[in-house]
Amino acid sequence: MQCHELEQILEQGPAPLPADAATHVSACARCRGLFADLKAIETVAREFPGEVAPPEHIWVSLRAQLEEEGLIHAPVAAGRGVGWLSALFGVLPRPALAAAYLACLVVGAILLSVPSSIRENPASQANQMQPAPAALTAQLNTVESSALSGIHEHNPVVAASLRDNLALVDKFIALCEKNLREDPRNEAAREYLYGAYQQKADLLAMMMDRDASGD
Amino acid sequence: MMTQRTWRVPVMTAAAALVLVAAPAASAHRMEKHFAVGERPVITISNHHGRIEVKSWKKPEVVVVGNHNSNKVEVDTEQAGNRIEVNTHLLSENIAPAELEANYEVTVPEESELHVKTDSGEITIERVFGDMTFDTVVADVQLQEVAGYMVVKTIGGSVLCARCAGRIDVRSFSGNVRFLQPQMDNVRVETTSGNILFDGDFLRRGIYILKNGNGLIEVRFADTDSFDLSATTVNGTIENQARIKPDVHGRHSPSARFKTSLFGTVNEGHAKVELSSFSGTIRILKRD
(Lines give C-alpha, C1' and ligand atoms only; values in the text may rest on other atoms or scores of the structure.)
Protein backbone atom coordinates (compact mmCIF):
# COMPACT_ATOMS: atom_id res chain seq x y z
CA MET A 1 0.00 0.00 0.00
CA GLN A 2 1.15 3.52 -0.80
CA CYS A 3 0.83 6.64 1.37
CA HIS A 4 -1.83 8.18 -0.86
CA GLU A 5 -3.91 5.01 -0.66
CA LEU A 6 -3.83 5.20 3.11
CA GLU A 7 -4.91 8.82 2.94
CA GLN A 8 -7.89 7.75 0.85
CA ILE A 9 -8.85 5.29 3.55
CA LEU A 10 -8.46 7.92 6.25
CA GLU A 11 -10.71 10.20 4.20
CA GLN A 12 -13.57 7.94 5.07
CA GLY A 13 -13.42 9.12 8.66
CA PRO A 14 -12.75 7.30 11.89
CA ALA A 15 -12.97 3.53 11.46
CA PRO A 16 -10.74 0.54 12.16
CA LEU A 17 -7.99 0.22 9.57
CA PRO A 18 -7.98 -2.70 7.11
CA ALA A 19 -5.09 -5.11 7.64
CA ASP A 20 -2.97 -3.88 4.72
CA ALA A 21 -3.44 -0.27 5.84
CA ALA A 22 -2.41 -1.16 9.38
CA THR A 23 0.69 -2.89 8.01
CA HIS A 24 1.57 0.24 6.06
CA VAL A 25 1.05 2.46 9.10
CA SER A 26 3.38 0.33 11.17
CA ALA A 27 6.05 0.49 8.47
CA CYS A 28 5.80 4.15 7.43
CA ALA A 29 6.82 6.77 10.00
CA ARG A 30 5.06 9.63 8.25
CA CYS A 31 1.73 7.81 7.96
CA ARG A 32 2.12 6.57 11.50
CA GLY A 33 2.43 10.18 12.64
CA LEU A 34 -0.58 11.25 10.59
CA PHE A 35 -2.68 8.37 11.86
CA ALA A 36 -1.68 9.10 15.47
CA ASP A 37 -2.58 12.78 15.00
CA LEU A 38 -6.00 11.93 13.61
CA LYS A 39 -6.71 9.47 16.40
CA ALA A 40 -5.71 12.03 19.00
CA ILE A 41 -7.86 14.68 17.33
CA GLU A 42 -10.79 12.30 17.22
CA THR A 43 -10.33 11.62 20.92
CA VAL A 44 -10.24 15.31 21.73
CA ALA A 45 -13.23 15.97 19.49
CA ARG A 46 -15.29 13.48 21.46
CA GLU A 47 -14.47 15.40 24.63
CA PHE A 48 -15.85 18.64 23.24
CA PRO A 49 -18.90 19.81 25.13
CA GLY A 50 -22.00 19.42 23.01
CA GLU A 51 -23.23 22.96 23.58
CA VAL A 52 -20.18 24.64 22.09
CA ALA A 53 -21.42 27.01 19.42
CA PRO A 54 -18.88 29.14 17.63
CA PRO A 55 -19.66 32.83 17.19
CA GLU A 56 -20.92 33.50 13.67
CA HIS A 57 -17.85 35.37 12.49
CA ILE A 58 -15.57 32.53 13.54
CA TRP A 59 -17.78 30.05 11.72
CA VAL A 60 -17.85 32.17 8.58
CA SER A 61 -14.09 32.65 8.72
CA LEU A 62 -13.41 28.95 9.17
CA ARG A 63 -15.84 28.00 6.44
CA ALA A 64 -14.33 30.56 4.05
CA GLN A 65 -10.88 29.18 4.69
CA LEU A 66 -11.93 25.60 4.17
CA GLU A 67 -13.67 26.56 0.94
CA GLU A 68 -10.66 28.56 -0.20
CA GLU A 69 -8.41 25.57 0.36
CA GLY A 70 -10.83 23.39 -1.60
CA LEU A 71 -11.53 21.26 1.43
CA ILE A 72 -15.26 21.77 1.30
CA HIS A 73 -17.57 22.66 -1.53
CA ALA A 74 -20.99 22.34 0.00
CA PRO A 75 -22.24 24.63 2.76
CA VAL A 76 -21.31 23.05 6.05
CA ALA A 77 -23.72 25.11 8.10
CA ALA A 78 -26.30 22.40 7.63
CA GLY A 79 -24.24 20.15 9.83
CA ARG A 80 -24.31 22.46 12.83
CA GLY A 81 -27.25 20.69 14.37
CA VAL A 82 -25.24 17.53 14.83
CA GLY A 83 -22.14 19.24 16.21
CA TRP A 84 -19.88 21.39 14.12
CA LEU A 85 -16.73 19.30 14.41
CA SER A 86 -18.59 16.06 13.84
CA ALA A 87 -20.21 17.55 10.77
CA LEU A 88 -16.83 18.52 9.37
CA PHE A 89 -15.43 15.11 10.16
CA GLY A 90 -18.00 13.56 7.90
CA VAL A 91 -17.83 15.85 4.89
CA LEU A 92 -14.20 16.82 4.49
CA PRO A 93 -12.32 15.41 1.54
CA ARG A 94 -8.83 14.35 2.54
CA PRO A 95 -6.13 16.67 1.15
CA ALA A 96 -4.62 18.82 3.87
CA LEU A 97 -7.14 17.40 6.28
CA ALA A 98 -4.74 17.79 9.15
CA ALA A 99 -4.65 21.51 8.50
CA ALA A 100 -8.42 21.75 8.62
CA TYR A 101 -8.57 19.80 11.83
CA LEU A 102 -5.91 21.99 13.21
CA ALA A 103 -7.94 25.08 12.37
CA CYS A 104 -10.92 23.48 14.09
CA LEU A 105 -8.87 22.74 17.16
CA VAL A 106 -7.55 26.23 17.33
CA VAL A 107 -10.98 27.76 16.92
CA GLY A 108 -12.22 25.31 19.52
CA ALA A 109 -9.47 26.35 21.89
CA ILE A 110 -10.52 29.95 21.52
CA LEU A 111 -14.18 29.14 21.96
CA LEU A 112 -13.51 27.16 25.06
CA SER A 113 -11.55 30.03 26.46
CA VAL A 114 -14.69 32.19 26.32
CA PRO A 115 -17.26 31.15 28.90
CA SER A 116 -20.80 30.80 27.63
CA SER A 117 -21.88 33.58 29.98
CA ILE A 118 -19.77 35.98 27.95
CA ARG A 119 -21.20 34.79 24.68
CA GLU A 120 -24.66 35.43 25.98
CA ASN A 121 -23.86 38.56 27.97
CA PRO A 122 -20.66 40.34 27.00
CA ALA A 123 -20.98 42.70 29.95
CA SER A 124 -20.98 39.82 32.40
CA GLN A 125 -18.69 40.02 35.41
CA ALA A 126 -17.49 36.57 34.44
CA ASN A 127 -15.84 38.16 31.44
CA GLN A 128 -12.46 36.57 31.92
CA MET A 129 -10.22 34.26 30.00
CA GLN A 130 -10.45 30.59 30.74
CA PRO A 131 -7.61 28.23 29.94
CA ALA A 132 -8.22 25.80 27.12
CA PRO A 133 -8.72 22.19 28.28
CA ALA A 134 -5.48 20.41 28.97
CA ALA A 135 -6.20 17.71 26.39
CA LEU A 136 -6.72 20.34 23.73
CA THR A 137 -3.60 22.22 24.68
CA ALA A 138 -1.66 18.97 24.67
CA GLN A 139 -3.01 18.11 21.24
CA LEU A 140 -2.09 21.51 19.88
CA ASN A 141 1.41 21.06 21.30
CA THR A 142 1.62 17.65 19.65
CA VAL A 143 0.64 19.12 16.30
CA GLU A 144 3.14 21.91 16.78
CA SER A 145 5.91 19.46 17.69
CA SER A 146 5.02 17.38 14.68
CA ALA A 147 5.17 20.42 12.41
CA LEU A 148 8.50 21.49 13.89
CA SER A 149 10.04 18.04 13.61
CA GLY A 150 8.89 17.85 10.00
CA ILE A 151 10.90 20.90 9.00
CA HIS A 152 13.43 19.98 6.33
CA GLU A 153 16.87 21.12 7.36
CA HIS A 154 18.40 21.11 3.89
CA ASN A 155 17.53 24.79 3.54
CA PRO A 156 18.66 26.39 6.82
CA VAL A 157 17.24 29.79 5.88
CA VAL A 158 13.79 28.32 5.37
CA ALA A 159 14.01 26.18 8.50
CA ALA A 160 15.07 29.18 10.59
CA SER A 161 12.30 31.33 9.15
CA LEU A 162 9.65 28.74 9.98
CA ARG A 163 10.86 28.51 13.57
CA ASP A 164 11.29 32.26 13.95
CA ASN A 165 7.84 33.03 12.61
CA LEU A 166 6.21 30.43 14.83
CA ALA A 167 7.94 32.06 17.79
CA LEU A 168 6.75 35.43 16.50
CA VAL A 169 3.13 34.31 16.38
CA ASP A 170 3.42 32.74 19.83
CA LYS A 171 4.79 36.02 21.13
CA PHE A 172 1.89 37.88 19.56
CA ILE A 173 -0.59 35.45 21.10
CA ALA A 174 1.05 35.99 24.50
CA LEU A 175 0.82 39.75 24.04
CA CYS A 176 -2.88 39.58 23.15
CA GLU A 177 -3.56 37.29 26.10
CA LYS A 178 -1.72 39.63 28.44
CA ASN A 179 -3.86 42.54 27.24
CA LEU A 180 -6.98 40.50 27.67
CA ARG A 181 -6.01 39.44 31.16
CA GLU A 182 -5.41 43.05 32.11
CA ASP A 183 -8.65 44.19 30.53
CA PRO A 184 -11.03 41.26 30.03
CA ARG A 185 -13.60 43.52 28.40
CA ASN A 186 -11.24 44.58 25.66
CA GLU A 187 -13.12 43.17 22.66
CA ALA A 188 -10.53 44.54 20.24
CA ALA A 189 -7.78 42.57 22.01
CA ARG A 190 -10.03 39.51 21.93
CA GLU A 191 -10.49 39.88 18.19
CA TYR A 192 -6.76 40.18 17.69
CA LEU A 193 -6.36 37.05 19.80
CA TYR A 194 -8.80 35.18 17.55
CA GLY A 195 -6.78 36.37 14.59
CA ALA A 196 -3.48 35.38 16.20
CA TYR A 197 -4.66 31.81 16.78
CA GLN A 198 -5.89 31.65 13.22
CA GLN A 199 -2.46 32.87 12.10
CA LYS A 200 -0.86 30.10 14.09
CA ALA A 201 -3.14 27.55 12.45
CA ASP A 202 -2.27 28.97 9.02
CA LEU A 203 1.43 28.83 9.77
CA LEU A 204 1.36 25.28 11.11
CA ALA A 205 -0.71 24.23 8.10
CA MET A 206 1.86 25.78 5.76
CA MET A 207 4.64 23.99 7.61
CA MET A 208 2.82 20.66 7.44
CA ASP A 209 2.01 21.22 3.79
CA ARG A 210 5.68 21.77 3.03
CA ASP A 211 6.65 18.72 5.04
CA ALA A 212 4.16 16.62 3.08
CA SER A 213 5.16 17.97 -0.32
CA GLY A 214 8.90 18.12 0.28
CA ASP A 215 10.36 15.62 -2.11
CA MET B 1 60.88 42.57 -18.24
CA MET B 2 57.66 41.71 -20.04
CA THR B 3 56.39 44.15 -22.60
CA GLN B 4 52.75 45.13 -22.50
CA ARG B 5 52.15 42.87 -25.50
CA THR B 6 53.86 39.83 -24.03
CA TRP B 7 52.05 39.83 -20.68
CA ARG B 8 48.71 40.13 -22.40
CA VAL B 9 49.04 36.69 -23.94
CA PRO B 10 49.26 34.62 -20.74
CA VAL B 11 46.61 36.77 -19.07
CA MET B 12 44.19 36.32 -21.94
CA THR B 13 44.94 32.63 -22.11
CA ALA B 14 44.25 32.30 -18.41
CA ALA B 15 41.02 34.26 -18.78
CA ALA B 16 39.90 32.07 -21.65
CA ALA B 17 40.70 28.98 -19.61
CA LEU B 18 38.68 30.36 -16.73
CA VAL B 19 35.72 30.99 -19.00
CA LEU B 20 35.96 27.47 -20.39
CA VAL B 21 36.09 26.00 -16.91
CA ALA B 22 33.41 28.25 -15.51
CA ALA B 23 30.95 28.00 -18.39
CA PRO B 24 29.89 24.40 -17.87
CA ALA B 25 29.54 25.00 -14.12
CA ALA B 26 27.27 28.02 -14.67
CA SER B 27 24.86 26.02 -16.78
CA ALA B 28 25.63 22.47 -15.74
CA HIS B 29 22.02 21.59 -16.40
CA ARG B 30 20.20 23.90 -18.75
CA MET B 31 16.91 23.11 -20.35
CA GLU B 32 14.73 25.12 -22.67
CA LYS B 33 11.21 24.08 -23.51
CA HIS B 34 8.69 25.69 -25.86
CA PHE B 35 4.96 25.14 -25.53
CA ALA B 36 2.34 26.34 -27.98
CA VAL B 37 -0.70 27.55 -26.04
CA GLY B 38 -4.09 29.10 -26.63
CA GLU B 39 -5.63 32.08 -24.90
CA ARG B 40 -5.02 32.65 -21.20
CA PRO B 41 -2.81 29.66 -20.42
CA VAL B 42 -2.32 28.55 -16.84
CA ILE B 43 1.30 28.20 -15.76
CA THR B 44 2.23 26.55 -12.48
CA ILE B 45 5.79 26.72 -11.19
CA SER B 46 6.94 24.87 -8.12
CA ASN B 47 10.49 25.33 -6.88
CA HIS B 48 12.50 25.05 -3.68
CA HIS B 49 15.14 27.73 -3.97
CA GLY B 50 16.23 30.05 -6.70
CA ARG B 51 15.21 32.87 -8.97
CA ILE B 52 11.98 32.75 -10.92
CA GLU B 53 11.51 35.46 -13.53
CA VAL B 54 8.34 35.63 -15.57
CA LYS B 55 7.99 38.07 -18.43
CA SER B 56 5.42 38.37 -21.15
CA TRP B 57 5.29 38.68 -24.88
CA LYS B 58 2.57 38.75 -27.48
CA LYS B 59 3.19 35.27 -28.91
CA PRO B 60 0.85 32.38 -28.03
CA GLU B 61 3.79 30.43 -26.67
CA VAL B 62 5.30 29.67 -23.28
CA VAL B 63 9.06 29.32 -23.08
CA VAL B 64 10.68 27.88 -20.00
CA VAL B 65 14.42 28.13 -19.49
CA GLY B 66 15.67 26.34 -16.41
CA ASN B 67 19.17 26.24 -14.97
CA HIS B 68 20.54 24.28 -12.09
CA ASN B 69 23.98 23.06 -11.14
CA SER B 70 23.36 20.07 -8.98
CA ASN B 71 22.69 16.48 -9.92
CA LYS B 72 20.50 16.25 -6.84
CA VAL B 73 17.66 18.25 -8.33
CA GLU B 74 15.70 17.64 -11.49
CA VAL B 75 13.49 19.92 -13.52
CA ASP B 76 10.31 18.53 -14.89
CA THR B 77 7.84 20.19 -17.27
CA GLU B 78 4.47 19.06 -18.46
CA GLN B 79 1.82 20.41 -20.80
CA ALA B 80 -1.83 19.43 -20.69
CA GLY B 81 -3.66 21.57 -23.19
CA ASN B 82 -3.49 25.12 -22.00
CA ARG B 83 -1.92 24.18 -18.69
CA ILE B 84 1.84 24.13 -18.22
CA GLU B 85 3.51 22.78 -15.12
CA VAL B 86 7.13 23.32 -14.13
CA ASN B 87 8.44 21.45 -11.11
CA THR B 88 11.77 21.11 -9.39
CA HIS B 89 12.21 17.74 -7.74
CA LEU B 90 14.76 16.87 -5.12
CA LEU B 91 16.47 13.59 -5.94
CA SER B 92 18.22 13.17 -2.62
CA GLU B 93 17.57 13.77 1.05
CA ASN B 94 21.21 14.67 1.55
CA ILE B 95 21.38 17.92 -0.25
CA ALA B 96 23.39 21.03 0.57
CA PRO B 97 21.67 24.44 0.49
CA ALA B 98 23.58 25.50 -2.63
CA GLU B 99 22.53 22.36 -4.43
CA LEU B 100 18.86 23.21 -4.02
CA GLU B 101 19.07 26.14 -6.37
CA ALA B 102 17.19 26.08 -9.63
CA ASN B 103 16.58 29.26 -11.61
CA TYR B 104 13.87 29.82 -14.16
CA GLU B 105 13.22 32.37 -16.87
CA VAL B 106 9.72 31.94 -18.16
CA THR B 107 8.13 33.88 -20.99
CA VAL B 108 4.36 33.75 -21.25
CA PRO B 109 1.60 35.39 -23.27
CA GLU B 110 0.57 38.72 -21.76
CA GLU B 111 -2.75 37.31 -20.62
CA SER B 112 -1.77 34.32 -18.53
CA GLU B 113 -2.68 32.84 -15.19
CA LEU B 114 0.23 32.10 -12.87
CA HIS B 115 0.65 29.95 -9.79
CA VAL B 116 4.08 30.05 -8.22
CA LYS B 117 5.25 28.22 -5.14
CA THR B 118 8.79 28.34 -3.82
CA ASP B 119 10.50 28.35 -0.47
CA SER B 120 13.36 30.79 -0.89
CA GLY B 121 14.93 32.98 -3.52
CA GLU B 122 13.14 35.60 -5.60
CA ILE B 123 10.08 35.77 -7.76
CA THR B 124 9.85 38.57 -10.32
CA ILE B 125 6.80 39.00 -12.51
CA GLU B 126 6.67 41.70 -15.17
CA ARG B 127 3.79 42.80 -17.37
CA VAL B 128 1.58 39.76 -16.98
CA PHE B 129 -2.17 40.29 -16.96
CA GLY B 130 -4.21 37.58 -15.30
CA ASP B 131 -4.95 35.98 -11.97
CA MET B 132 -1.93 34.94 -9.94
CA THR B 133 -1.12 33.14 -6.72
CA PHE B 134 2.19 33.06 -4.89
CA ASP B 135 3.15 30.88 -1.95
CA THR B 136 6.58 31.30 -0.37
CA VAL B 137 8.43 30.86 2.89
CA VAL B 138 11.16 33.47 2.60
CA ALA B 139 11.22 34.13 -1.12
CA ASP B 140 10.64 37.77 -2.01
CA VAL B 141 7.89 38.55 -4.50
CA GLN B 142 8.24 41.47 -6.91
CA LEU B 143 5.31 42.31 -9.14
CA GLN B 144 5.82 45.01 -11.74
CA GLU B 145 3.11 46.34 -14.03
CA VAL B 146 0.91 43.34 -13.52
CA ALA B 147 -2.88 43.32 -13.45
CA GLY B 148 -5.50 40.87 -12.26
CA TYR B 149 -6.47 39.26 -9.00
CA MET B 150 -3.36 38.40 -7.06
CA VAL B 151 -3.10 36.32 -3.90
CA VAL B 152 0.22 36.28 -2.09
CA LYS B 153 0.89 34.04 0.87
CA THR B 154 4.34 34.31 2.40
CA ILE B 155 5.84 33.61 5.77
CA GLY B 156 8.88 35.83 5.83
CA GLY B 157 9.29 37.00 2.25
CA SER B 158 8.80 40.62 1.25
CA VAL B 159 6.26 41.74 -1.32
CA LEU B 160 6.75 44.65 -3.69
CA CYS B 161 3.95 45.62 -6.01
CA ALA B 162 4.95 48.41 -8.40
CA ARG B 163 2.43 49.93 -10.79
CA CYS B 164 0.06 47.02 -10.28
CA ALA B 165 -3.62 47.10 -11.19
CA GLY B 166 -6.61 45.04 -10.15
CA ARG B 167 -7.00 43.52 -6.72
CA ILE B 168 -4.67 41.81 -4.29
CA ASP B 169 -4.79 39.81 -1.05
CA VAL B 170 -1.52 39.50 0.84
CA ARG B 171 -0.96 37.39 3.91
CA SER B 172 2.45 37.48 5.49
CA PHE B 173 3.90 36.81 8.91
CA SER B 174 7.08 38.85 9.07
CA GLY B 175 7.51 39.95 5.48
CA ASN B 176 7.19 43.62 4.57
CA VAL B 177 4.65 44.64 1.93
CA ARG B 178 4.99 47.68 -0.32
CA PHE B 179 2.74 49.15 -2.98
CA LEU B 180 4.25 51.79 -5.22
CA GLN B 181 2.02 53.72 -7.63
CA PRO B 182 -0.71 51.10 -7.53
CA GLN B 183 -3.91 51.37 -9.54
CA MET B 184 -5.79 48.86 -7.45
CA ASP B 185 -9.37 49.00 -6.30
CA ASN B 186 -9.22 46.22 -3.74
CA VAL B 187 -6.23 45.73 -1.48
CA ARG B 188 -6.22 43.54 1.59
CA VAL B 189 -3.03 42.98 3.54
CA GLU B 190 -2.61 41.21 6.83
CA THR B 191 0.75 40.64 8.43
CA THR B 192 1.76 39.64 11.91
CA SER B 193 4.77 41.88 12.26
CA GLY B 194 5.67 43.15 8.81
CA ASN B 195 5.61 46.78 7.73
CA ILE B 196 3.06 47.89 5.15
CA LEU B 197 3.55 50.82 2.80
CA PHE B 198 0.87 52.03 0.41
CA ASP B 199 2.09 54.89 -1.76
CA GLY B 200 -0.51 55.58 -4.41
CA ASP B 201 -4.02 56.67 -5.25
CA PHE B 202 -7.10 55.47 -3.47
CA LEU B 203 -9.42 54.79 -6.39
CA ARG B 204 -13.10 55.74 -6.18
CA ARG B 205 -15.10 52.80 -4.81
CA GLY B 206 -11.84 51.14 -3.83
CA ILE B 207 -11.48 49.18 -0.62
CA TYR B 208 -8.13 49.15 1.19
CA ILE B 209 -7.74 47.09 4.33
CA LEU B 210 -4.28 47.03 5.88
CA LYS B 211 -3.72 45.27 9.16
CA ASN B 212 -0.76 44.16 11.24
CA GLY B 213 -0.01 43.01 14.76
CA ASN B 214 2.95 45.29 15.14
CA GLY B 215 5.24 47.18 12.83
CA LEU B 216 4.53 50.22 10.70
CA ILE B 217 1.56 50.88 8.45
CA GLU B 218 2.13 53.90 6.26
CA VAL B 219 -0.20 55.27 3.61
CA ARG B 220 0.62 58.29 1.48
CA PHE B 221 -2.36 60.04 -0.03
CA ALA B 222 -2.84 62.89 -2.48
CA ASP B 223 -4.91 66.00 -1.76
CA THR B 224 -7.41 64.89 -4.36
CA ASP B 225 -7.94 61.42 -2.89
CA SER B 226 -11.41 60.83 -1.52
CA PHE B 227 -11.90 58.22 1.16
CA ASP B 228 -13.54 57.22 4.40
CA LEU B 229 -10.83 56.52 6.93
CA SER B 230 -10.78 54.20 9.88
CA ALA B 231 -7.50 53.84 11.77
CA THR B 232 -7.43 51.87 14.99
CA THR B 233 -4.85 50.49 17.34
CA VAL B 234 -5.05 48.74 20.67
CA ASN B 235 -1.62 49.68 22.02
CA GLY B 236 0.06 51.55 19.18
CA THR B 237 0.09 55.09 17.86
CA ILE B 238 -1.45 56.99 14.97
CA GLU B 239 0.16 59.89 13.13
CA ASN B 240 -2.15 61.70 10.75
CA GLN B 241 -1.75 64.48 8.20
CA ALA B 242 -5.16 64.10 6.57
CA ARG B 243 -7.80 66.78 6.99
CA ILE B 244 -10.62 64.67 8.26
CA LYS B 245 -14.28 65.58 8.53
CA PRO B 246 -16.83 63.59 10.52
CA ASP B 247 -17.92 60.55 8.55
CA VAL B 248 -20.39 61.90 6.00
CA HIS B 249 -21.96 58.46 5.63
CA GLY B 250 -23.14 58.40 9.20
CA ARG B 251 -21.05 55.45 10.30
CA HIS B 252 -20.70 55.12 14.04
CA SER B 253 -17.15 54.81 15.21
CA PRO B 254 -16.44 52.06 17.74
CA SER B 255 -13.66 54.22 19.16
CA ALA B 256 -14.31 53.13 22.75
CA ARG B 257 -12.92 49.71 21.89
CA PHE B 258 -9.52 51.10 21.01
CA LYS B 259 -6.92 53.02 22.93
CA THR B 260 -6.28 55.18 19.89
CA SER B 261 -8.50 55.54 16.85
CA LEU B 262 -9.34 57.90 14.05
CA PHE B 263 -12.53 57.89 12.00
CA GLY B 264 -13.76 60.30 9.37
CA THR B 265 -13.94 61.33 5.76
CA VAL B 266 -11.39 62.91 3.47
CA ASN B 267 -13.03 64.88 0.64
CA GLU B 268 -16.19 63.00 -0.42
CA GLY B 269 -15.26 59.65 1.04
CA HIS B 270 -15.49 57.58 -2.11
CA ALA B 271 -12.99 54.90 -1.19
CA LYS B 272 -12.84 52.97 2.05
CA VAL B 273 -9.54 52.82 3.91
CA GLU B 274 -9.22 50.70 7.05
CA LEU B 275 -5.91 50.64 8.89
CA SER B 276 -5.48 48.63 12.05
CA SER B 277 -2.56 47.60 14.16
CA PHE B 278 -2.42 45.94 17.53
CA SER B 279 0.67 47.69 18.83
CA GLY B 280 2.36 49.22 15.81
CA THR B 281 2.46 52.68 14.33
CA ILE B 282 -0.03 53.92 11.75
CA ARG B 283 1.06 56.86 9.61
CA ILE B 284 -1.30 58.67 7.27
CA LEU B 285 0.91 61.03 5.33
CA LYS B 286 0.31 63.55 2.60
CA ARG B 287 2.26 62.73 -0.57
CA ASP B 288 4.73 65.37 -1.75
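The values are calculated or read from the model by the stated rules, or taken from the named source; none is laboratory data. Bear in mind the structure is a predicted one, so any value in this text is a computation, not a measurement. Please note: Cβ atoms are built from the backbone with ideal geometry, for glycine as well, and neighbour counts cover all protein chains shown.
One table, with the values for the structure above:
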quantity: Those residues of the stretch B:135-151 which are within 13 Å of chain A (Cβ to nearest Cβ) and crowded, with 24+ Cβ neighbours inside 10 Å, in sequence order; calculated: B:Thr136, B:Val137, B:Val138, B:Ala139
quantity: Subset of the stretch B:152-165 that is in a strand (DSSP E or B), crowded, with 24+ Cβ neighbours inside 10 Å and in contact with an Asp or Glu (Cβ under 9 Å, 6 or more places away or on another chain) - its residue that is nearest to the other protein chains (Cβ to nearest Cβ); calculated: B:Thr154
quantity: Given (1) more than 14 Å from chain A (Cβ to nearest Cβ); (2) touching a helix residue (DSSP H, G or I) at 6+ places or on another chain (Cβ under 6 Å), number of the condition B:Ser120 does not satisfy; calculated: (1)
quantity: Residues within the stretch A:197-215 that are facing chain B (nearest Cβ under 10 Å), charged (D, E, K, R) and within 14 Å of B:Val137 (Cα to Cα), tallied; calculated: 3
quantity: Within the stretch B:221-237, considering residues that are within 23 Å of B:Gly175 (Cβ to Cβ) and either more than 26 Å from the chain's Cα centre (by Cα) or surrounded by fewer than 18 Cβ atoms within 10 Å (Cβ to Cβ) (or both), the one farthest from the other protein chains (Cβ to nearest Cβ); calculated: B:Thr237
quantity: Cross-chain or 6+ apart pairs with Cβ under 6 Å, the stretch A:18-30 first and surrounded by 12 or more Cβ atoms within 10 Å (Cβ to Cβ), then in a helix (DSSP H, G or I) and of a type in the set (Lys, Arg); calculated: A:Val25/A:Arg32
quantity: Unmet requirement for B:Glu218, which otherwise passes all of (1) under 30 Å from A:Leu162 (Cα atoms); (2) within 14 Å of chain A (Cβ to nearest Cβ); calculated: (2)
quantity: Some residue of the stretch B:70-86 being part of a loop (DSSP other than H, G, I, E, B), closer than 17 Å to A:His152 by Cα and either at pLDDT below 95 or more than 14 Å from every other protein chain (Cβ to nearest Cβ) (or both); calculated: yes
quantity: Subset of the stretch B:185-215 (residues that are part of a strand (DSSP E or B), more than 21 Å from A:Glu191 (Cβ to Cβ) and in contact with a Gly (Cβ under 6 Å, 6 or more places away or on another chain)); calculated: B:Asp185
quantity: Some residue of the stretch A:160-175 being within 10 Å of chain B (Cβ to nearest Cβ), over 19 Å from the mean Cα position of the chain (by Cα) and modelled with pLDDT under 75; calculated: no
quantity: Residue in the stretch A:179-196 that is among the hydrophobic types (A, V, I, L, M, F, W, C), more than 27 Å from A:Gln2 (Cα to Cα), at the interface with chain B (Cβ under 9 Å from one of its Cβ atoms) and under 18 Å from the mean Cα position of the chain (by Cα) present; calculated: yes
quantity: In the stretch A:176-201, the residues that are modelled with pLDDT under 85 and either among the hydrophobic types (A, V, I, L, M, F, W, C) or over 23 Å from B:Asn235 (Cβ atoms) (or both); calculated: A:Ala201
quantity: Neighbours by Cβ (under 7 Å, 6+ apart or cross-chain): first from the stretch B:82-104, among the small types (Gly, Ala, Ser); second part of a loop (DSSP other than H, G, I, E, B); calculated: B:Ser92/B:Lys72; B:Ala102/B:Asn47
quantity: Complete set of residues in the stretch A:148-159 that are in a helix (DSSP H, G or I) and either more than 7 Å from chain B (Cβ to nearest Cβ) or buried (at least 18 other Cβ atoms within 10 Å of the Cβ) (or both); calculated: A:Leu148, A:Ser149, A:Val158, A:Ala159
quantity: Members of the stretch B:270-288 that are under 16 Å from B:Gly200 (Cα atoms), touching a residue at least 24 places away in the same chain (Cβ under 8 Å) and surrounded by fewer than 20 Cβ atoms within 10 Å (Cβ to Cβ); calculated: B:His270, B:Lys272, B:Glu274, B:Arg283, B:Leu285, B:Lys286, B:Arg287
quantity: First in the stretch B:170-192 and within 14 Å of chain A (Cβ to nearest Cβ), second anywhere and part of a loop (DSSP other than H, G, I, E, B) and surrounded by fewer than 24 Cβ atoms within 10 Å (Cβ to Cβ), Cβ under 6 Å, 6 or more apart; calculated: B:Ser174/B:Ser193; B:Gly175/B:Ser158; B:Asn176/B:Ser158; B:Asn176/B:Asn195
